[in-house]
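Let me begin by presenting the structure, written as structure tokens, before commenting on it.
The values are calculated or read from the model by the stated rules, or taken from the named source; none is laboratory data. It should be emphasised that the depicted structure is a prediction, and the values quoted were computed from it without experimental measurement. Backbone-built Cβ (ideal geometry, glycine too); neighbour counts: all protein chains shown. Protein only, heavy atoms only, side chains kept; ligands, DNA and RNA dropped before computing areas. Shrake-Rupley method; radii C 1.70, N 1.55, O 1.52, S 1.80 Å.
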Amino acid sequence: MTTPTTARDRAKAERSDAILHEAARLFAVGGYNGVSLEDIGAAVGVSGPAVYRHFAGKQALLGAVLVKVSNDLVAGGTRVAEAPAEPEERMRALIRFHVDFALGNAEVIQVQDRDVAHLSDEDRAAVRRLQRTYIGVWIDALAPLLPATPEELRLRVQACFGLINSTPHSTRATTRQQTATATVLAAMADAALRAPT
């Protein structure tokens, strides 16, 4: 991605970011089918048709939201996993990263859970590819800590994601409460990953 160089380019990038943010928020509240481009445009102070200056349509906007969050997870998870650390600390750092990400991006995760079926085939394939990559980052971090088959490691990682990702939907915590929620979630995720069989 190139950095906008002119004031006009920066303004357009900021408007695109605002549209993505509001689209995620509105999709989380009303679902993909319950939100129009006019609703999204109004939320950022433009007409619905003005959204087309930034995105080809509502489906492309949904794709941009979900591909971006998937890219962010892979990039952040990879950064954490590649940092110098012992295997135990690397796993705890990945858990903390994902918990913080889930609590900070609850709306987008809700959209991903509910509206992925509305993606174009191309965006759905991109999201699934990025999800597999992210799962692989976790499996690689967990494998030195838990002798298990690749299938069992994948199951544990995906169950851990389910635990972490579902919690922000059901909690509307203050910042102070969110810190406590993050601590509890991280401990539960760690326990779930290593639960005896």
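Going toward the positive end of the dipole of the stretch 1-74, with +1 on Lys and Arg Cβ and -1 on Asp and Glu Cβ, which of T3, V65, A43 do you reach last? Value computed over the given set: T3.
So for the stretch 67-153, considering every pair of alpha-carbon atoms, how many percent are separated by more than 18 Å? Looking at the stretch 67-153, the distances longer than 18 Å represent 48 percent of pairs.
How much length is gained if the chain between T3 and V116 is pulled fully straight, taking 0.36 nm per residue apart and subtracting their Cα-Cα distance, in nm to one decimal? Present the calculation step by step, with values, prior to reporting the outcome.
On the way: separation 113, 0.36 × 113 = 40.68 nm, distance 2.88 nm.
Gain on stretching T3 to V116: 37.8 nm.
Derived scalar couplings between HN and Hα for the stretch 99-107 equal 4, 4, 5, 5, 5, x, 10, 4, 5 Hz in order, rounded to whole Hz, by the Karplus curve 6.51 cos²θ - 1.76 cosθ + 1.60 (θ = phi - 60°), x for Gly and Pro.
Highest mobility in the GNM of the chain, judged by mean-square fluctuation with C-alpha springs under 10 Å and restricted to A85, A141, A182, is found for A85. Given +1 at the Cβ of Lys and Arg, -1 at the Cβ of Asp and Glu and no other charges, the dipole of the stretch 19-138 around its Cα centre is 160 debye to the nearest 20. Remark: spin-label model distance E38-Q59 equals 2.2 nm, labels positioned 7 Å along the Cα→Cβ axis. With Kirkwood radius over Cα pairs in Å as the read-out, I listed (1) 17.6; (2) 18.1; (3) 19.3; which label goes with the value calculated from this structure? Derived directly from the coordinates: (2). Remark: C-alpha extents of the stretch 1-83 on the principal axes read 44, 35, 17 Å, sorted largest to smallest. Stretched out straight at 0.36 nm per residue, the stretch from A148 to A195 would grow longer than its current Cα-Cα span by 15.7 nm. With protein chains left intact and a 1.4 Å probe, residues in the chain average 55 Å² of accessible area per residue.
Extending 7 Å from the Cα toward the beta-carbon at both E14 and E82 defines two label points whose distance is 3.2 nm. Largest GNM mean-square fluctuation across R124, R92, R53, computed for the chain with C-alpha springs under 10 Å, falls on R53. Return the carbon/sulfur percentage of the accessible area of the stretch 40-90, one whole number, probe 1.4 Å, all protein chains in place. C and S atoms contribute 55 percent here.
Its DSSP H runs of at least 4 residues, each contributing -39,500 (n - 2.57), put the calculated 222 nm mean residue ellipticity of the chain at -25000 deg cm²/dmol, to the nearest 500. Is the stretch 11-51 rounded, prolate or oblate when judged by the Cα gyration tensor, a ≥ b ≥ c being the square roots of its eigenvalues, rounded requiring a/c under 1.5 and prolate requiring a/b larger than b/c? Oblate, since a/c reaches 1.5 and b/c is not below a/b. Measuring from centroid to centroid over Cα atoms, what is the spacing of the stretch 98-170 and the stretch 1-65 in Å? Spelled out, the Cα-based centre of one part sits 25 Å from the other. For the chain, modelled as a GNM with alpha-carbon contacts under 10 angstrom, which of A159, A13, A186 fluctuates the most? Looking only at A159, A13, A186, the largest GNM fluctuation is found for A13.
Across the stretch 93-197, C-alpha contacts under 8 Å between residues 6 or more apart give a mean separation that, scaled by the residue count, equals a relative contact order of 45 percent.
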